[in-house]
Amino acid sequence: MSRIEATFSRLQSQRRKALIPYVTAGFPQADGTPALMQALVQGGADIIELGVPFSDPMADGPVIQQAGERALRAGVGLVQVLDMVRAFRTHDRLTPVVLMGYANPVERYELKRGAGAFARDAAAAGVDGVLIVDYPPEECQAFAAALKAQGLDLIFLLAPTSSEARMAEVGRVASGYVYYVSLKGVTGAGHLDTAAVEAMLPRIRRHVHLPIGVGFGIRDAASACAVGRSADAVVIGTRLIQLLDSAPPEQAGAVARAFMAELRQALDGLEGGGAGGPVTLAPAGNRG
């Protein structure tokens with residue numbers, strides 16, 4: 001059982017929702033990411049999405065774009081991101097880590113090191129899953145096979161505009177969990193329509209027998225709870241990046257820990273695990 005599957009299985013048995021923060025590797029300080037990841041876990045994070053800095057992040061809003069630009073200027077690339085995960089693993093062997101980013105850094109990494117090098121090295125560093133924003137499920141069979149061979153989960157995005165056919169394809173290929181983007185547009189944009197989220201998730205569950213995390217537009221305990229009533233996981237990134245950006249660098253860990261603790265307490269206050277109920281996990285061999 002993977003760390004991601006084990007985490008969702010444990011939370012399901014406890015009738016709790018997963019809290020998944022997103023942070024950009026190398027932000028706010030290039031050497032502070034492993035400690036920041038530890039602080040997130042101490043505050044109550046269940047899974048960490050670690051953003052790989054990229055120069056053209058088409059799905060990211062200005063807040064996360066600027067965080068990535070700062071990390072790139074500090075010399076943080078995919079090699080350094082894997083080093084950060086390795087450092088985190090010296091302190092934490094249990095919390096799943098998902099790399100979130102774009103195809104270009106992965107493809108450049110493999111051009112230098114050979115086909116399959118990314119999956120091999122990510123697994124060796126302690127990565128559990130990968131979400132590549134611009135890899136559609138129908139075009140990444142070889143990549144999916146390479147990850148699966150290393151025991152890594154391949155996570156996909158679904159959006160309000162996703163067709164039934166796209167949901168079915170994601171359900172066939174994905175593992176770990178699926179990330180539902182609750183808003184049209186980039187991260188940090190727009191207004192969260194929780195009624196629309198609640199209406200969409202049953203449609204996705206007809207095709208995807210994995211936990212569903214919901215992100216984009218979640219900014220505080222109230223919006224986290226609103227989403228947590230129907231989703232299996234709450235993903236929060238832009239607001240966390242804003243808080244880290246506005247705090248003195250030496251306070252980054254304390255700020256992250258306090259914000260996670262606030263969200264964790266609110267989510268744990270949901271009665272009965274939320275109206276949508278936790279997903280029933282299929283046996284590992286049946287989930288692609």
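The values are calculated or read from the model by the stated rules, or taken from the named source; none is laboratory data. Remember, it's a predicted structure, so these values are computed and weren't measured experimentally. Quick reminder, even Gly has a Cβ in these numbers, built from the backbone with ideal geometry, and neighbours come from all protein chains shown.
Quick notes on this structure:
- Restricted to the stretch 54-70, and to residues there that are touching a strand residue (DSSP E or B) at 6+ places or on another chain (Cβ under 9 Å) and either assigned to a loop (DSSP other than H, G, I, E, B) or at pLDDT below 85 (or both), the residue that is farthest from ARG239 (Cα to Cα) is PHE54.
- When each of VAL197, VAL214 is tested for being modelled with pLDDT of 85 or more, closer than 21 Å to PHE156 by Cα, in a helix (DSSP H, G or I) and of a type in the set (Val, Ile, Thr), the lone residue that passes is VAL197.
- Pairs with Cβ under 9 Å, 6+ apart, first in the stretch 18-29 and closer than 13 Å to VAL214 by Cβ and in contact (Cβ under 8 Å) with a residue 12 or more places away in the chain, second of a type in the set (Gly, Ala, Ser) and assigned to a strand (DSSP E or B): ALA18/GLY213; ALA18/ALA233; LEU19/ALA233; ILE20/GLY213; ILE20/GLY215; ILE20/ALA233; TYR22/GLY51; TYR22/GLY215
- Conditions (1) under 19 Å from VAL52 (Cβ atoms); (2) assigned to a loop (DSSP other than H, G, I, E, B): number failed by LEU111: (2)
- ALA119 small (Gly, Ala, Ser) and surrounded by 19 or more Cβ atoms within 10 Å (Cβ to Cβ): yes
- Filtered residue count, the stretch 95-115, keeping only those that are free of Cβ contacts under 8 Å to residues at least 40 places away in the same chain and closer than 23 Å to ILE236 by Cα: 1
- Pairs with Cβ under 8 Å, 6+ apart, first in the stretch 134-160 and among the small types (Gly, Ala, Ser), second part of a strand (DSSP E or B) and at pLDDT 95 or above: ALA144/LEU154; ALA159/TYR180
- Selection count, the stretch 67-94, where residues are touching a residue at least 60 places away in the same chain (Cβ under 8 Å) and either within 18 Å of ALA39 (Cα to Cα) or surrounded by fewer than 18 Cβ atoms within 10 Å (Cβ to Cβ) (or both): 1
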